[in-house]
Amino acid sequence: MLEGLSIALIVMHFITPSIYYVIARGWLRLSSKTGSRDGLTTEPPFVSIIIPTYNEAKVITQKLSNIYLQDYPRDRFEVIIVDSGSTDGTMDLIREWVKGHGDINVRVIEEGVRMGKAHALNTALRNAKGDIIVITDADSTWLRDSLRNAVTWLVNDCVGAVSCNKVPRTNKDVETEYRNYYGLLRIAESRKFSSAIFHGELAAFKRDLLEKIGGFPTDLGADDSHTAGLISMMGYRAIIPEDVKCIEYVPSKGYWTWRIRRAQHLIQHFLRFLRYVLIDGRDLPRDYRQIMLYESYLHLVNPWLFVVGLVLIIISAIHGALIPIALLLIGAALLVIKIFRTWVMTQVILVAAAIRNLWNKE
Ligand code: GDD
Ligand code: MN
(Lines give C-alpha, C1' and ligand atoms only; values in the text may rest on other atoms or scores of the structure.)
(Ligands and ions follow the chains in the order given, each with its own letter.)
Protein backbone atom coordinates (compact mmCIF):
# COMPACT_ATOMS: atom_id res chain seq x y z
CA MET A 1 0.00 0.00 0.00
CA LEU A 2 2.70 2.45 1.13
CA GLU A 3 4.90 1.14 -1.61
CA GLY A 4 2.24 1.70 -4.27
CA LEU A 5 1.48 5.22 -3.05
CA SER A 6 5.13 6.22 -2.98
CA ILE A 7 5.73 4.99 -6.51
CA ALA A 8 2.55 6.71 -7.74
CA LEU A 9 3.70 10.03 -6.24
CA ILE A 10 7.12 9.81 -7.86
CA VAL A 11 5.70 8.83 -11.24
CA MET A 12 3.23 11.73 -11.11
CA HIS A 13 6.00 14.06 -10.08
CA PHE A 14 7.93 13.32 -13.24
CA ILE A 15 4.99 13.04 -15.63
CA THR A 16 3.47 16.52 -15.24
CA PRO A 17 6.63 18.53 -16.02
CA SER A 18 7.37 16.18 -18.91
CA ILE A 19 3.94 16.89 -20.37
CA TYR A 20 4.43 20.62 -19.89
CA TYR A 21 7.84 20.40 -21.52
CA VAL A 22 6.36 18.71 -24.59
CA ILE A 23 3.56 21.30 -24.78
CA ALA A 24 6.10 24.11 -24.43
CA ARG A 25 8.25 22.68 -27.21
CA GLY A 26 5.16 22.87 -29.38
CA TRP A 27 4.74 26.55 -28.48
CA LEU A 28 8.26 27.21 -29.74
CA ARG A 29 6.91 26.70 -33.23
CA LEU A 30 4.49 29.60 -32.79
CA SER A 31 7.28 32.08 -33.49
CA SER A 32 5.39 34.62 -35.54
CA LYS A 33 2.38 34.91 -33.23
CA THR A 34 3.98 37.59 -31.10
CA GLY A 35 3.42 39.93 -34.01
CA SER A 36 6.11 41.35 -36.22
CA ARG A 37 8.72 43.57 -34.71
CA ASP A 38 8.10 47.06 -35.93
CA GLY A 39 11.73 48.05 -35.46
CA LEU A 40 13.06 51.37 -34.38
CA THR A 41 12.57 53.10 -37.68
CA THR A 42 11.44 56.45 -36.31
CA GLU A 43 13.06 58.17 -33.36
CA PRO A 44 13.79 55.57 -30.65
CA PRO A 45 11.59 55.99 -27.58
CA PHE A 46 13.08 57.71 -24.55
CA VAL A 47 14.09 55.13 -21.96
CA SER A 48 14.68 55.46 -18.22
CA ILE A 49 17.06 52.81 -16.91
CA ILE A 50 16.69 52.33 -13.18
CA ILE A 51 19.43 50.72 -11.08
CA PRO A 52 18.54 50.15 -7.43
CA THR A 53 21.68 49.80 -5.32
CA TYR A 54 22.46 48.61 -1.87
CA ASN A 55 26.16 47.97 -1.20
CA GLU A 56 27.22 47.29 -4.77
CA ALA A 57 30.75 48.76 -4.65
CA LYS A 58 32.20 45.58 -6.18
CA VAL A 59 30.16 45.85 -9.38
CA ILE A 60 28.72 49.34 -9.83
CA THR A 61 31.53 50.77 -11.98
CA GLN A 62 31.41 47.84 -14.36
CA LYS A 63 27.61 48.11 -14.44
CA LEU A 64 27.65 51.78 -15.44
CA SER A 65 30.33 51.22 -18.08
CA ASN A 66 28.28 48.37 -19.51
CA ILE A 67 25.25 50.63 -19.88
CA TYR A 68 27.43 53.36 -21.32
CA LEU A 69 28.49 51.01 -24.13
CA GLN A 70 24.94 50.01 -25.12
CA ASP A 71 24.06 50.26 -28.77
CA TYR A 72 21.30 52.82 -28.13
CA PRO A 73 21.52 56.56 -28.78
CA ARG A 74 22.85 58.14 -25.59
CA ASP A 75 20.54 61.13 -25.89
CA ARG A 76 17.54 58.80 -25.88
CA PHE A 77 18.02 57.36 -22.42
CA GLU A 78 18.70 58.37 -18.85
CA VAL A 79 20.06 56.34 -15.96
CA ILE A 80 18.51 56.74 -12.53
CA ILE A 81 20.34 55.19 -9.61
CA VAL A 82 18.46 54.87 -6.35
CA ASP A 83 20.78 54.08 -3.48
CA SER A 84 19.37 53.15 -0.11
CA GLY A 85 22.10 54.06 2.34
CA SER A 86 24.95 51.88 1.05
CA THR A 87 27.81 51.77 3.52
CA ASP A 88 30.53 50.26 1.30
CA GLY A 89 31.46 53.31 -0.76
CA THR A 90 29.04 52.63 -3.64
CA MET A 91 28.07 56.31 -3.77
CA ASP A 92 31.69 57.52 -4.00
CA LEU A 93 32.32 55.18 -6.92
CA ILE A 94 29.17 56.38 -8.68
CA ARG A 95 30.13 60.04 -8.27
CA GLU A 96 33.61 59.36 -9.56
CA TRP A 97 32.29 57.47 -12.60
CA VAL A 98 29.77 60.20 -13.41
CA LYS A 99 32.53 62.83 -13.29
CA GLY A 100 34.42 60.95 -15.97
CA HIS A 101 31.41 60.48 -18.28
CA GLY A 102 29.82 63.82 -19.08
CA ASP A 103 28.06 62.57 -22.21
CA ILE A 104 25.51 60.35 -20.48
CA ASN A 105 22.55 61.43 -18.43
CA VAL A 106 22.86 59.90 -14.94
CA ARG A 107 20.81 60.98 -11.96
CA VAL A 108 21.32 59.73 -8.43
CA ILE A 109 18.65 59.60 -5.77
CA GLU A 110 19.72 58.81 -2.23
CA GLU A 111 17.06 57.32 -0.04
CA GLY A 112 19.16 57.27 3.10
CA VAL A 113 17.17 54.52 4.74
CA ARG A 114 16.86 51.06 3.24
CA MET A 115 13.25 50.26 2.41
CA GLY A 116 13.71 47.48 -0.10
CA LYS A 117 14.26 47.21 -3.81
CA ALA A 118 10.65 47.75 -4.93
CA HIS A 119 10.34 50.87 -2.82
CA ALA A 120 13.50 52.22 -4.45
CA LEU A 121 12.13 51.39 -7.91
CA ASN A 122 8.93 53.32 -7.18
CA THR A 123 10.94 56.35 -6.04
CA ALA A 124 12.81 56.24 -9.34
CA LEU A 125 9.61 55.75 -11.32
CA ARG A 126 8.15 58.98 -9.94
CA ASN A 127 11.25 60.81 -11.14
CA ALA A 128 11.65 59.07 -14.49
CA LYS A 129 11.08 60.85 -17.81
CA GLY A 130 10.98 57.82 -20.11
CA ASP A 131 8.03 56.25 -21.89
CA ILE A 132 9.81 52.98 -21.31
CA ILE A 133 11.11 52.00 -17.90
CA VAL A 134 13.90 49.44 -17.68
CA ILE A 135 14.96 48.05 -14.32
CA THR A 136 18.27 46.28 -13.87
CA ASP A 137 20.18 44.75 -10.96
CA ALA A 138 23.67 46.10 -10.31
CA ASP A 139 25.15 42.60 -10.32
CA SER A 140 24.39 41.85 -13.96
CA THR A 141 25.58 43.04 -17.35
CA TRP A 142 23.92 43.24 -20.74
CA LEU A 143 25.10 42.37 -24.20
CA ARG A 144 25.64 45.39 -26.42
CA ASP A 145 22.31 44.97 -28.18
CA SER A 146 20.18 43.97 -25.17
CA LEU A 147 18.56 47.36 -24.63
CA ARG A 148 17.95 47.99 -28.31
CA ASN A 149 16.39 44.58 -28.82
CA ALA A 150 14.18 44.85 -25.74
CA VAL A 151 12.89 48.27 -26.78
CA THR A 152 12.30 47.06 -30.33
CA TRP A 153 9.95 44.34 -29.08
CA LEU A 154 8.15 46.86 -26.90
CA VAL A 155 7.24 48.97 -29.89
CA ASN A 156 4.53 46.36 -30.63
CA ASP A 157 1.14 47.42 -29.31
CA CYS A 158 0.35 44.02 -27.83
CA VAL A 159 3.60 43.77 -25.86
CA GLY A 160 3.62 45.47 -22.45
CA ALA A 161 6.86 44.17 -20.99
CA VAL A 162 10.09 42.46 -22.06
CA SER A 163 12.70 40.63 -20.03
CA CYS A 164 15.94 38.77 -20.74
CA ASN A 165 17.43 35.31 -21.07
CA LYS A 166 19.94 34.84 -18.31
CA VAL A 167 23.41 33.60 -19.09
CA PRO A 168 24.87 32.63 -15.73
CA ARG A 169 28.52 33.38 -14.91
CA THR A 170 29.20 30.61 -12.48
CA ASN A 171 31.26 27.55 -11.67
CA LYS A 172 28.15 25.64 -10.56
CA ASP A 173 27.06 23.24 -13.33
CA VAL A 174 23.72 22.88 -11.58
CA GLU A 175 23.00 26.56 -12.19
CA THR A 176 23.89 26.35 -15.89
CA GLU A 177 21.73 23.28 -16.41
CA TYR A 178 18.84 24.88 -14.53
CA ARG A 179 19.04 27.92 -16.78
CA ASN A 180 19.06 25.87 -19.99
CA TYR A 181 15.85 24.09 -19.04
CA TYR A 182 14.00 27.06 -17.58
CA GLY A 183 15.25 29.41 -20.29
CA LEU A 184 13.57 27.28 -22.92
CA LEU A 185 10.27 27.38 -21.01
CA ARG A 186 10.46 31.18 -20.70
CA ILE A 187 10.87 31.60 -24.46
CA ALA A 188 8.14 29.05 -25.22
CA GLU A 189 5.66 30.67 -22.84
CA SER A 190 6.45 34.02 -24.41
CA ARG A 191 5.53 32.64 -27.84
CA LYS A 192 2.23 31.40 -26.47
CA PHE A 193 1.43 34.53 -24.49
CA SER A 194 3.66 35.64 -21.59
CA SER A 195 6.53 34.28 -19.56
CA ALA A 196 5.44 33.20 -16.08
CA ILE A 197 8.68 34.57 -14.66
CA PHE A 198 10.59 37.81 -15.27
CA HIS A 199 14.18 38.70 -14.45
CA GLY A 200 15.37 41.74 -12.51
CA GLU A 201 18.62 41.76 -14.51
CA LEU A 202 16.70 43.39 -17.36
CA ALA A 203 12.98 44.01 -17.24
CA ALA A 204 11.50 46.67 -19.52
CA PHE A 205 7.98 48.01 -19.11
CA LYS A 206 5.72 50.49 -20.85
CA ARG A 207 5.44 53.31 -18.40
CA ASP A 208 1.69 53.90 -18.75
CA LEU A 209 1.02 50.25 -17.90
CA LEU A 210 3.26 50.45 -14.84
CA GLU A 211 1.33 53.46 -13.68
CA LYS A 212 -1.99 51.70 -14.24
CA ILE A 213 -0.99 48.89 -11.90
CA GLY A 214 0.23 51.36 -9.28
CA GLY A 215 3.98 50.86 -9.70
CA PHE A 216 6.07 47.97 -8.45
CA PRO A 217 4.49 45.78 -5.75
CA THR A 218 6.29 46.27 -2.43
CA ASP A 219 4.60 43.50 -0.49
CA LEU A 220 6.18 40.45 -2.14
CA GLY A 221 9.65 39.37 -3.19
CA ALA A 222 9.33 38.84 -6.94
CA ASP A 223 8.63 42.45 -7.87
CA ASP A 224 9.82 41.82 -11.43
CA SER A 225 7.78 38.65 -12.13
CA HIS A 226 4.71 39.95 -10.41
CA THR A 227 4.73 43.25 -12.25
CA ALA A 228 4.91 41.32 -15.51
CA GLY A 229 2.03 39.18 -14.28
CA LEU A 230 -0.19 42.16 -13.50
CA ILE A 231 0.52 43.56 -16.95
CA SER A 232 -0.34 40.20 -18.54
CA MET A 233 -3.59 40.09 -16.59
CA MET A 234 -4.55 43.32 -18.33
CA GLY A 235 -4.19 41.53 -21.66
CA TYR A 236 -0.69 42.70 -22.69
CA ARG A 237 2.11 40.27 -23.36
CA ALA A 238 5.14 40.12 -21.07
CA ILE A 239 7.72 38.29 -23.11
CA ILE A 240 11.26 36.96 -23.01
CA PRO A 241 12.45 36.86 -26.63
CA GLU A 242 15.59 34.92 -27.63
CA ASP A 243 17.52 38.00 -28.68
CA VAL A 244 17.50 39.79 -25.33
CA LYS A 245 20.28 38.32 -23.22
CA CYS A 246 22.01 39.29 -20.07
CA ILE A 247 24.83 37.98 -17.93
CA GLU A 248 24.18 37.25 -14.31
CA TYR A 249 26.96 36.97 -11.76
CA VAL A 250 26.01 34.05 -9.56
CA PRO A 251 27.37 34.20 -6.01
CA SER A 252 29.58 31.21 -5.21
CA LYS A 253 29.55 31.96 -1.50
CA GLY A 254 26.05 31.46 -0.09
CA TYR A 255 24.79 29.97 -3.38
CA TRP A 256 22.18 27.71 -1.79
CA THR A 257 20.67 30.38 0.48
CA TRP A 258 20.54 32.65 -2.57
CA ARG A 259 18.66 29.99 -4.54
CA ILE A 260 16.24 29.40 -1.65
CA ARG A 261 15.55 33.14 -1.30
CA ARG A 262 14.72 33.42 -4.98
CA ALA A 263 12.52 30.34 -4.86
CA GLN A 264 10.72 31.92 -1.91
CA HIS A 265 9.99 34.97 -4.07
CA LEU A 266 8.62 32.84 -6.88
CA ILE A 267 6.39 30.92 -4.50
CA GLN A 268 5.00 34.23 -3.20
CA HIS A 269 4.37 35.30 -6.79
CA PHE A 270 2.45 32.12 -7.71
CA LEU A 271 0.49 32.05 -4.45
CA ARG A 272 -0.66 35.61 -5.00
CA PHE A 273 -1.62 34.77 -8.54
CA LEU A 274 -3.71 31.80 -7.37
CA ARG A 275 -5.48 34.12 -4.96
CA TYR A 276 -6.42 36.43 -7.85
CA VAL A 277 -7.81 33.53 -9.87
CA LEU A 278 -9.32 31.21 -7.28
CA ILE A 279 -10.45 33.59 -4.53
CA ASP A 280 -10.93 36.98 -6.18
CA GLY A 281 -12.27 35.31 -9.33
CA ARG A 282 -10.35 37.66 -11.61
CA ASP A 283 -10.56 37.14 -15.31
CA LEU A 284 -7.41 36.74 -17.33
CA PRO A 285 -6.39 35.93 -20.88
CA ARG A 286 -6.99 32.23 -21.52
CA ASP A 287 -3.47 31.40 -22.69
CA TYR A 288 -1.95 33.22 -19.76
CA ARG A 289 -4.21 31.42 -17.34
CA GLN A 290 -3.07 28.07 -18.72
CA ILE A 291 0.62 29.00 -18.40
CA MET A 292 0.21 30.29 -14.87
CA LEU A 293 -1.83 27.33 -13.65
CA TYR A 294 0.80 24.91 -14.97
CA GLU A 295 3.67 26.89 -13.48
CA SER A 296 1.88 27.36 -10.16
CA TYR A 297 1.39 23.62 -9.95
CA LEU A 298 5.02 22.95 -10.86
CA HIS A 299 6.32 25.42 -8.27
CA LEU A 300 3.83 24.91 -5.45
CA VAL A 301 2.61 21.31 -5.57
CA ASN A 302 4.85 19.13 -7.71
CA PRO A 303 8.02 19.41 -5.55
CA TRP A 304 6.07 18.04 -2.60
CA LEU A 305 5.09 14.91 -4.53
CA PHE A 306 8.79 14.22 -4.97
CA VAL A 307 9.79 14.83 -1.39
CA VAL A 308 6.84 12.98 0.17
CA GLY A 309 7.22 10.16 -2.37
CA LEU A 310 10.91 9.88 -1.57
CA VAL A 311 10.31 9.72 2.17
CA LEU A 312 7.69 6.99 1.68
CA ILE A 313 10.02 5.04 -0.61
CA ILE A 314 12.75 5.21 2.01
CA ILE A 315 10.32 3.97 4.68
CA SER A 316 9.20 1.08 2.43
CA ALA A 317 12.82 0.26 1.66
CA ILE A 318 13.67 0.16 5.35
CA HIS A 319 10.84 -2.36 5.73
CA GLY A 320 12.55 -4.49 3.15
CA ALA A 321 10.29 -3.92 0.12
CA LEU A 322 12.32 -4.81 -2.98
CA ILE A 323 10.97 -2.39 -5.60
CA PRO A 324 11.61 0.68 -3.39
CA ILE A 325 15.14 -0.51 -2.69
CA ALA A 326 15.73 -0.92 -6.42
CA LEU A 327 14.23 2.52 -7.12
CA LEU A 328 16.48 4.15 -4.54
CA LEU A 329 19.54 2.54 -6.08
CA ILE A 330 18.51 3.59 -9.58
CA GLY A 331 17.75 7.13 -8.34
CA ALA A 332 21.14 7.38 -6.63
CA ALA A 333 22.87 6.18 -9.79
CA LEU A 334 20.95 8.67 -11.92
CA LEU A 335 22.39 11.50 -9.82
CA VAL A 336 25.52 11.35 -11.95
CA ILE A 337 23.41 12.75 -14.81
CA LYS A 338 23.57 16.53 -14.63
CA ILE A 339 19.99 17.25 -15.63
CA PHE A 340 18.62 14.75 -13.10
CA ARG A 341 20.82 16.10 -10.31
CA THR A 342 19.75 19.64 -11.17
CA TRP A 343 16.11 18.67 -11.17
CA VAL A 344 16.29 16.95 -7.79
CA MET A 345 18.10 19.90 -6.22
CA THR A 346 15.55 22.34 -7.59
CA GLN A 347 12.72 20.33 -6.02
CA VAL A 348 14.45 20.30 -2.66
CA ILE A 349 15.07 24.06 -2.92
CA LEU A 350 11.38 24.71 -3.68
CA VAL A 351 10.26 22.68 -0.68
CA ALA A 352 12.81 24.37 1.60
CA ALA A 353 11.67 27.77 0.27
CA ALA A 354 7.99 27.01 0.91
CA ILE A 355 8.81 26.09 4.49
CA ARG A 356 11.03 29.13 5.03
CA ASN A 357 8.27 31.39 3.69
CA LEU A 358 6.27 30.48 6.80
CA TRP A 359 8.44 32.70 9.00
CA ASN A 360 10.68 34.76 6.73
CA LYS A 361 9.37 36.37 3.53
CA GLU A 362 12.41 38.60 2.92
N1 GDD B 1 17.91 50.94 -3.50
C2 GDD B 1 17.87 49.69 -3.05
N3 GDD B 1 17.34 49.45 -1.82
N4 GDD B 1 18.33 48.69 -3.80
C5 GDD B 1 18.30 47.43 -3.32
C6 GDD B 1 17.76 47.13 -2.06
C7 GDD B 1 17.26 48.21 -1.28
O8 GDD B 1 16.77 48.05 -0.17
N9 GDD B 1 17.86 45.79 -1.89
C10 GDD B 1 18.44 45.28 -3.00
N11 GDD B 1 18.71 46.27 -3.86
C12 GDD B 1 19.31 46.19 -5.20
C13 GDD B 1 20.65 45.49 -5.25
O14 GDD B 1 21.71 46.38 -5.01
C15 GDD B 1 20.65 44.97 -6.68
O16 GDD B 1 21.07 45.95 -7.60
C17 GDD B 1 19.18 44.65 -6.95
O18 GDD B 1 18.43 45.41 -5.99
C19 GDD B 1 18.87 43.15 -6.78
O20 GDD B 1 19.28 42.74 -5.49
P21 GDD B 1 20.06 41.37 -5.27
O22 GDD B 1 20.41 41.29 -3.82
O23 GDD B 1 21.16 41.22 -6.27
O24 GDD B 1 18.87 40.36 -5.56
P25 GDD B 1 18.94 38.83 -5.93
O26 GDD B 1 19.93 38.59 -7.00
O27 GDD B 1 19.07 38.02 -4.71
O28 GDD B 1 17.41 38.66 -6.42
C29 GDD B 1 17.00 38.55 -7.74
O30 GDD B 1 15.72 37.98 -7.79
C31 GDD B 1 14.68 38.77 -7.26
C32 GDD B 1 13.38 38.03 -7.37
O33 GDD B 1 13.46 36.82 -6.74
C34 GDD B 1 17.02 39.88 -8.44
O35 GDD B 1 16.82 39.68 -9.82
C36 GDD B 1 15.93 40.78 -7.94
O37 GDD B 1 15.89 41.93 -8.78
C38 GDD B 1 14.61 40.07 -8.00
O39 GDD B 1 13.61 40.90 -7.45
MN1 MN C 1 21.60 39.58 -7.57
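The values are calculated or read from the model by the stated rules, or taken from the named source; none is laboratory data. The model shown is predicted, which means the values in this text are computed figures rather than measured ones. Glycine also receives a Cβ, built like all others from the backbone with ideal geometry; neighbour counts cover every protein chain displayed. Keep in mind that these areas ignore ligands, DNA and RNA; they rest on the heavy atoms of the full protein, side chains included. Shrake-Rupley method; radii C 1.70, N 1.55, O 1.52, S 1.80 Å.
Observations
- Sequence-distant aspartates and glutamates (8 or more away, or on other chains) whose Cα lies within less than 14 Å of Lys172: Glu248
- Here segment 310-357 and segment 260-275 have alpha carbon centers that stand 23 Å from each other.
- Which listed pairs, of Lys58/Lys338; Lys166/Lys253; Lys129/Lys192, have C-alpha distances above 24 Å, in listed order: Lys58/Lys338; Lys129/Lys192
- With a Förster radius of 51 Å applied to the beta-carbon distance between Phe46 and Asp173, the computed FRET efficiency rounds to 0.80.
- Cys with no candidate disulfide partner in the chain (beta-carbon separation under 4.7 Å rule): Cys158
- Expressed as a whole percent, the accessible surface of segment 48-130 that belongs to carbon and sulfur atoms is 50, based on a 1.4 Å probe.
- Surface per residue (accessible, 1.4 Å probe) for the chain, Å²: 45 Å²
- With every protein chain in place, segment 178-217: carbon and sulfur % of accessible area (1.4 Å): 48 percent
- Against the criterion of solvent-accessible heavy-atom surface with a 1.4 angstrom probe, Trp258, Trp304 sort, most first, into Trp304, Trp258.
- Restricting the trypsin sites (Lys or Arg not before Pro) of segment 143-178 to loop positions (DSSP other than H, G, I, E, B) with no more than 14 neighbouring Cβ atoms within 10 Å leaves Arg144.
- When the Cα positions of Asn180, Gly229, Ser146 are compared along the charge dipole of the chain, Asn180 comes out farthest toward the positive end, with charges on each C-beta of Lys, Arg, Asp and Glu.
- Based on C-alpha pairs under 8 angstrom that are at least 6 apart in sequence, segment 183-227 has a relative contact order of 35 percent.
- Interchain or long-range residues, amide H under 5 Å from Val167's placed H: Cys246, Ile247, Glu248
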